[in-house]
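The block underneath contains the structure these notes are about, expressed in structure tokens.
What follows draws every value from the coordinates through simple rules; no lab data is involved. Worth saying up front: this structure is predicted, and the values here are computed from it rather than measured. Here Cβ is always computed from backbone atoms with ideal geometry, including for glycine, and neighbour counts include all displayed protein chains.
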Amino acid sequence: MRLSVCLSAALAVVFGAASVAEAGAWPKKKGASYTKLSLGADRETEGWDDTGRRDVLGSAYNPATFRQRSAYLYSEYGLTDRITGVALIGVKRLQVEDRLSRSTTTGLADIYLGLKGQFASVGPAVFSLQLGGLLPTNYRRDFSPPVGPGQYSAEGRLLAGVSLYPIPAYASAEFGYQRRTERYFSRLDNANAQSNLDRAPFNDELPYAFEAGYTVAGRVLLRAAFDGQIGLGETKYKYTITSAPRKQSYFRLAPSVIVTATPWLQLNLDYGHVVSGTSTAATDQVALGAAVLFGN
């Protein structure tokens, strides 16, 4: 049995060490900002196929190793007291190696742009709606391994958060729908390659997340979290080394420790462990981050 190496490479956004809803359901005050730089690393030798069976990447006779180094910049800015702008961009270095070859790709990852708006509050609970999308950058999708899938995606997320004050704790949850367009917008290195079509049917997805945090001594936030996505529908396409999975699901544990060094600086230690999935990698990622806050 063989798992395509590219199923790991397609996890660029998932394992970028930054969420597209980093601050949960709470919007920023007008003029306030939160900007976080994360540096992450992971290495995979196994993954789950489209039936959920875990196996080695590559083949039993020629196993493969996937490595990723990433730097992600995530930012939120309060446009009004209820509407917050959200942006995420990253740079990645991907490497696939087996007994016969080694290939490396370095490039700018997809850009996420969105708006988060609070529409209701009930006591200590806050409810928001986030609308956004992924925009491919100038990478070539037929490079091996690919930096990203190379197509636009649009999504909407419903977010809910509750403060447990006077206990220094909170909880937040989100659920959404991501529409993955069929048409490619990234470039090709070999535009005449027969296998490189100008469109492909990507399956839509349901992203979800939950987190709960407790602050110790007013400075150290201990956060327990999980996230994931559910791939919808069926697909007849198998994985190739030059394309991203058309349908993908995963469930990941994502705890972190956040230390408030000064009123305007936070230091993060983030960890991600994929517990199960389909067409996804068995990833363990560690990321270090620093966040700068203004006007909060």
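A few remarks follow.
- Centroid-to-centroid, using Cα positions, the stretch 135-174 and the stretch 265-280 are 13 Å apart.
- Signed unit charges on C-beta, dipole axis of the stretch 46-110, positive-most listed residue 48, 83, 62: 62
- Highest-first arrangement of 80-89, 66-75, where packing means the average Cβ count within 10 Å: 66-75, 80-89
- As a rough guide to protection, the peptides 253-260, 225-232 ranked by mean Cβ packing within 10 Å, highest first, stand as 225-232, 253-260.
- With each label modelled as a point 7 angstrom along the Cα→C-beta vector, the residue 290-residue 81 pair spans 3.4 nm.
- The packing ranking of peptides 38-49, 53-64, 205-216, highest mean first, is 38-49, 205-216, 53-64, where packing means the average number of other beta carbon atoms within 10 angstrom of each residue.
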